[in-house]
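The values are calculated or read from the model by the stated rules, or taken from the named source; none is laboratory data. For clarity, every value in this text was computed on a predicted model and none was experimentally measured. Every residue, glycine as well, gets a Cβ built from its backbone with ideal geometry; the counts of neighbours run over all protein chains shown.
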Amino acid sequence: MDERIFISPSKYVQGRDSLKKIGTHLEGVGKKALVLADETVWEIAGHDVVRYLKESNIEVEEAVFNGEASKTEIMRIADIAKESGAKMVIGVGGGKTIDTIKAVSDEVSAYTVVVPTTASTDAPTSALSVVYSNEGIFESYRFYNKNPDLVLLDSKIIAAAPPRFLASGIADALATWVEVRSVIQFGGKTMAGGKTTLAAEAIAEKCEKVLFEYGLLALESTKAKVVTPALENVIEANTLLSGLGFESGGLGAAHAIHNGFTALEGDIHHLTHGEKVAFGTLVQLTLEKHSKQEIDRYIELYISLDLPVTLEDVKLEKATADDIRKVAEAATIEGETIHNAFSITADEVADAIFAADQYAKAFKREKGIK
């Protein structure tokens, strides 16, 4: 009988001005830290992280992230960490910065600290990284023996980020329950390596409930750049609930479709991770036996959050049948997450991609949306 496995970060901290207390949470861990952020994030939060660490008598080595979570970049930053003698590695920024710092920590056996500046993905809490080529093409998942030691989100910083990032995080998190329930029904394994626990199932279901109740209110909060209870709920859903849910609950077709999109060139690569996952989620819903009312529920929320629901929305309005076939083939290669939840062929996935597009266009016509 397969084991049930649940994994999680050691500590999760979220709140207004939480960044000011980062040194307090790292007391006794070490006296030397490497801080990684890209050029933009250094100005948003990186320098503040360094200041608060120094106030706690922690020495800091600073590094600038080049923007791609590739093997080359991981080893470059790992060399800097080794040379500096850092006992803690701290990633400040978005998903690819976070994925990189987790890999660096694994290379140098350091204490892992994740400081997201957006609530745009569920990457912060997990014991894995998505590794891309230097050109941004998906290559593989990299798994670790432990989750991050500390995940710290400052809600004030999240509120000040562009609203598109929060919407993307909602899209990524909306896939959680859709994928988890399909893995449970299929009897597949999770990213944690076992069967879904009851805890992960409950967390994933709660994640979706929070997003449907508070997603739009949270997005409007970021447009005003203010911290509200709705925003706090969605930050937690996007990051902690979705993170624990997907990792110990299971990934299915939605993320496999996202990965499949990397087989194509063009403007689709200017979309965020969550925006591509949104369409992938509609494809998964299409593959399953859901009513029109259930699929419409997701389409309606996506549209209200300005998320893509058609092939045109994901910059594939000129995609040929062969193009979509490439996506479907990439989404169904051996080892892809779709096999955790379905026994399926590339032809069936290609059909579902076109059908999901058609369903969304029909919804727009019905509602008078152009």
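Rundown of residues vs (1) without any contact (Cβ under 8 Å) to a residue 24 or more places away in the chain; (2) buried (at least 20 other Cβ atoms within 10 Å of the Cβ); (3) over 15 Å from ILE170 (Cα atoms), yes/no style:
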residue: GLY193; (1), (2), (3): no, no, yes
residue: ALA199; (1), (2), (3): no, no, yes
residue: ALA204; (1), (2), (3): no, yes, no
residue: CYS207; (1), (2), (3): no, yes, no
residue: VAL210; (1), (2), (3): no, yes, no
residue: LEU217; (1), (2), (3): yes, no, no
residue: LYS225; (1), (2), (3): no, no, yes
residue: VAL234; (1), (2), (3): no, yes, no
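Please determine, by comparing only the residues of segment 313-338 that are touching a residue at least 24 places away in the same chain (Cβ under 8 Å) and in a loop (DSSP other than H, G, I, E, B), which one is farthest from ASP172 (Cα to Cα).
Per the stated criteria, the residue is ALA319.
The test for being small (Gly, Ala, Ser), closer than 17 Å to GLY46 by Cα, in a loop (DSSP other than H, G, I, E, B) and not assigned by TED's automatic domain parsing to the domain that holds SER242 holds for ALA119.
Among the residues of segment 264-278, count how many are in contact (Cβ under 8 Å) with a residue 60 or more places away in the chain, in a helix (DSSP H, G or I) and over 12 Å from the mean Cα position of the chain (by Cα). Steps first, please.
Let us first name the residues in segment 264-278 that are in contact (Cβ under 8 Å) with a residue 60 or more places away in the chain, namely 264, 269, 272-275, 277-278.
If we keep only those that are in a helix (DSSP H, G or I) too, we end up with 269, 273-275, 277-278.
Okay, now just the ones that are also over 12 Å from the mean Cα position of the chain (by Cα), so 269.
Residues meeting the conditions: 1.
Restrict the check to segment 93-113 and report whether at least one residue is at positive phi and outside any strand (DSSP E or B).
Initial filter on segment 93-113 (at positive phi): 93, 109.
Then keep just the ones that are outside any strand (DSSP E or B); that gives 109.
Yes: segment 93-113 contains one or more residues that are at positive phi and outside any strand (DSSP E or B).
Filtered by the rule that a residue be in contact with a Pro (Cβ under 8 Å, 6 or more places away or on another chain) and either among the aliphatic types (A, V, I, L, M) or modelled with pLDDT under 95 (or both), segment 259-301 gives LEU271, ALA278.
Among the residues of segment 174-223, those that are of a type in the set (Ser, Thr, Tyr) and either in a helix (DSSP H, G or I) or more than 23 Å from LYS146 (Cα to Cα) (or both) comprise THR176, SER182, TYR214, SER221, THR222. Scanning segment 3-32 for residues that are in contact (Cβ under 8 Å) with a residue 60 or more places away in the chain and in a strand (DSSP E or B) returns ARG4, LYS11, TYR12, VAL13, GLN14, GLY15. Residues that are in a helix (DSSP H, G or I), among the aliphatic types (A, V, I, L, M) and surrounded by fewer than 21 Cβ atoms within 10 Å (Cβ to Cβ) within segment 142-165 comprise just one, ALA160. Under the condition of being at pLDDT 95 or above and under 19 Å from ARG164 (Cα atoms), the residues counted in segment 79-97 number 3.
Looking only at segment 45-73, filter to residues that are of a type outside the set (D, E, K, R), in contact (Cβ under 8 Å) with a residue 40 or more places away in the chain and assigned to a helix (DSSP H, G or I); which one of those is nearest to ALA159 (Cα to Cα)? So, considering only residues that are of a type outside the set (D, E, K, R), in contact (Cβ under 8 Å) with a residue 40 or more places away in the chain and assigned to a helix (DSSP H, G or I), the one nearest to ALA159 (Cα to Cα) is ALA45. Within segment 306-329, identify whether any single residue is under 20 Å from the mean Cα position of the chain (by Cα) and surrounded by fewer than 19 Cβ atoms within 10 Å (Cβ to Cβ), and answer yes or no. Yes, segment 306-329 has at least one match. Say whether the condition of being without any contact (Cβ under 8 Å) to a residue 60 or more places away in the chain, more than 30 Å from SER248 (Cβ to Cβ) and either surrounded by 17 or more Cβ atoms within 10 Å (Cβ to Cβ) or of a type in the set (Ser, Thr, Tyr) (or both) is met by at least one residue in segment 85-105. No, the conditions are met nowhere in segment 85-105. The single condition among (1) in contact (Cβ under 8 Å) with a residue 60 or more places away in the chain; (2) touching a Ser or Thr at 6+ places or on another chain (Cβ under 7 Å); (3) not basic (Lys, Arg) that ASP306 does not meet is (2).
The set of residues in segment 74-84 being closer than 20 Å to TYR132 by Cα and free of Cβ contacts under 8 Å to residues at least 24 places away in the same chain consists of ARG76, ASP79.
Condition first: under 21 Å from GLY15 (Cβ atoms), among the β-branched types (Val, Ile, Thr) and in the same structural domain as PHE279 (by TED's automatic domain parsing). Can you find one or more residues in segment 246-258 that meet it?
Step one: filter segment 246-258 for residues under 21 Å from GLY15 (Cβ atoms), giving none.
So far as segment 246-258 goes, no, none of its residues is under 21 Å from GLY15 (Cβ atoms), among the β-branched types (Val, Ile, Thr) and in the same structural domain as PHE279 (by TED's automatic domain parsing).
Taken across segment 127-141, residues that are at pLDDT 95 or above and farther than 25 Å from GLY46 by Cβ do not occur at all.
Restricting to segment 341-365, what's the tally of residues that are assigned to a helix (DSSP H, G or I) and either not assigned by TED's automatic domain parsing to the domain that holds ASP322 or not acidic (Asp, Glu) (or both)? Before you say what the answer is, go through the steps one by one.
Taking segment 341-365 first, the residues assigned to a helix (DSSP H, G or I) are 346-365.
Next cut, either not assigned by TED's automatic domain parsing to the domain that holds ASP322 or not acidic (Asp, Glu) (or both) only: 346, 349-350, 352-356, 358-365.
Result for segment 341-365: 16.
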